[in-house]
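Student: Here it is: the structure, laid out below.
Derivation of every value follows stated rules applied to the coordinates shown; laboratory data play no part. Not measured: the values here are computed from a predicted model.
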């Protein structure tokens, strides 16, 4: 890349992620994930989690089809009955 060309944010993020993954192991990512989850929990209430759960459920239903939840519910019920 020439000095007068700027790197896009996407490219910079990708390169940074690759460098980080070469320098850190699974434990590092588990630790920062735990810290991030705790920080999010400290800064948001029950309604926040309900809202993002609702949005995620709607997005999944849109991408997987109307019968997706019915099918996974049936699979879960069968698996539970077999144990």
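Student: Any chance you could check the Cα centroid distance between the stretch 1-46 and the stretch 56-83 for me, in angstrom?
Tutor: Distance between centres, Cα-based: 31 Å.
Student: Report the gain in length on full extension from residue 61 to residue 39: 0.36 nm times residue separation, minus Cα-Cα distance, nm rounded to one decimal. Show your work: numbers first, answer last.
Tutor: Working: separation 22, 0.36 × 22 = 7.92 nm, distance 2.90 nm.
Residue separation times 0.36 nm, minus the Cα-Cα distance, leaves 5.0 nm.
Student: Follow-up. Looking at the chain as a GNM with Cα springs under 10 Å, which of 64, 34, 54 has the largest mean-square fluctuation?
Tutor: 64
Student: Same structure again: Who wins for biggest fluctuation among 69, 29, 49 in a Gaussian network model of the chain, springs between alpha carbons below 10 Å?
Tutor: In the Gaussian network model the winner is 69.
Student: Would you compute, from DSSP H runs of 4+ residues alone, the mean residue ellipticity of the chain at 222 nm, taking -39500 (n - 2.57) per run and dividing by the full residue count, rounded to the nearest 500? Each step should come with its number before you reach the end.
Tutor: Numbers: 4 runs with 67 residues, N = 83.
After summing the helix terms and dividing by residue count, I get -27000 deg cm²/dmol.
Student: Compute log10 of I(q)/I(0) for the chain with the Debye formula, placing one identical point scatterer on every Cα and leaving out solvent, at q = 0.11, 0.12, 0.13, 0.25 Å⁻¹, to two decimals.
Tutor: Debye intensities relative to I(0), on a log10 scale: -0.67, -0.77, -0.86, -1.05.
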